[in-house]
C-alpha cells in the first residue's frame with residue numbers, strides 16, 4: 001500500500017478503508033518504538049490529521065523527543081529539532097541574510113540562509129527557556145505558515161507542524177508563554193510516568209545493541225490527503241451543540257456557566273476552542289474507524305483542547321484548584 005493510494009479514483013468506501021489502514025499502520029509503527037503512552041500517541045495523530053500544533057508537557061526522560069522524531073520517520077517528513085536556550089535568537093530559527101563576497105573584485109551581496117524552521121515537522125524543545133522575542137518568531141511561523149526576513153516572505157513546507165515541549169518542574173530562568181500564544185497550540189498534551197510493566201519493556205527494549213526500526217508509511221502528499229479527508233467526517237448537529245455548550249459553559253459570564261465555573265474561572269475558552277473541538281472530534285472518529293463524530297470523541301479531545309485555554313482565578317489558585325480540575329468538571333457535564 002503506497003502513500004498516494006488514498007487519492008485513487010475508485011469508490012469512496014475503498015478510499016476510506018485505505019485511509020484508515022494507513023492511519024492504523026502509522027500508529028502501529030509508532031508503537032514499535034514508543035512503549036505505552038497510548039493516549040498521547042492517539043492525540044498526536046489527531047493533531048496531525050487536523051494540521052494543528054501541540055504542546056507536550058512532561059518531566060525529562062519520558063521520550064518526548066523520541067516520540068516526535070519517530071513520528072516524522074513514519075510519516076516520511078523532514079524533521080528538525082530546535083533546542084531553545086536563553087541565548088537563542090530569532091535568526092537562529094528563521095535564518096538570516098549573510099553578506100557574501102563577490103570574489104575577484106566582484107560585487108558583494110546578501111544571500112538568504114534558511115534556518116531550521118524549514119522542515120515539515122519541528123520539535124521546539126523546552127520552548128519556555130528562550131526569551132519572548134524568539135518565541136514570537138516561531139509562533140509567527142506557526143500562525144502564518146511563512147517567515148519574513150529583510151522584507152521578503154518565504155512560505156514554509158507543507159505540511160508544517162510544530163510540537164513544542166515544556167518541563168513542568170523547573171521555573172527558574174524560564175519565560176512562560178502568555179495565554180494568547182498558548183491559544184495557538186491545538187492541544188496541550190501532558191505526559192506521565194510509565195507504569196511498572198511498561199517501564200520494564202522500555203528498559204528491555206532500549207538496553208540492547210539493536211533497537212527497533214520503523215518503516216515509512218506515508219509521505220508529505222499522503223499526509224495532506226489524510227488531513228483533507230478528516231474534514232469530510234460528518235459532524236452531527238447534537239455533537240456540534242454539545243461542543244458549543246461546552247465552550248460557553250467554560251465562560252464565567254455566560255448564562256450556561258454554573259456556580260463552580262463562576263467561582264473559579266477568570267477567563268473561559270474562546271471561539272478557537274470550538275473550532276478545534278469540531279476538527280478534533282472528526283479526526284478522532286476517522287482514527288477510530290467511526291463513520292461519524294460522536295459525544296465519546298468529544299469527551300476524549302476536550303481536555304487537551306481546553307486545558308490551556310481555561311484560566312483559573314485567584315480564588316481557584318488559593319484553594320489549589322488548577323485548570324485540569326476545572327476542565328474535568330466541564331467534561332463531566334457533557335450530556
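Quick look at the numbers
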{"read-out": "Unit Cα scatterers, Debye sum, region 193-305: log10 I(q)/I(0) for q = 0.12, 0.15, 0.16 Å⁻¹", "value": "-0.66, -0.82, -0.86"}
{"read-out": "Mean separation of Cα contacts under 8 Å (6+ apart) over length of the chain, as relative contact order %", "value": "21"}
{"read-out": "CD proxy at 222 nm, helix term only [per DSSP H run n ≥ 4: -39500 (n - 2.57); per residue of the chain; nearest 500]", "value": "-14000 deg cm²/dmol"}
{"read-out": "Packing rank of 297-306, 326-335, where each peptide gets the mean count of other beta carbons within 10 Å, highest leading", "value": "297-306, 326-335"}
{"read-out": "Mean Cβ neighbour count within 10 Å, used as a protection proxy, ranking 194-207, 65-78, 39-52 highest first", "value": "39-52, 65-78, 194-207"}
{"read-out": "Whether region 132-184 is rounded, prolate or oblate, judged on the alpha carbon gyration tensor where a/c under 1.5 counts as rounded", "value": "prolate"}
{"read-out": "Net lengthening on full extension, residue 152/residue 325 (0.36 nm per residue, minus Cα-Cα)", "value": "57.7 nm"}
{"read-out": "Counting DSSP beta bridges with both ends in the chain, the antiparallel % (nearest 5)", "value": "40"}
{"read-out": "Anisotropy class of region 82-202 from Cα gyration tensor, a/c 1.5 cut", "value": "prolate"}
{"read-out": "Neighbour-count order for 310, 292, fewest beta carbons within 10 angstrom listed first", "value": "292, 310"}
{"read-out": "Dimensionless Rg ratio for the chain, taking C-alpha atoms and the 2.2 N^0.38 Å reference", "value": "1.07"}
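Every number here is computed from the coordinates shown, using simple stated rules; none is lab data. Nothing here was measured: the structure is a model prediction, and the numbers come from that model. Every residue, glycine as well, gets a Cβ built from its backbone with ideal geometry; the counts of neighbours run over all protein chains shown.
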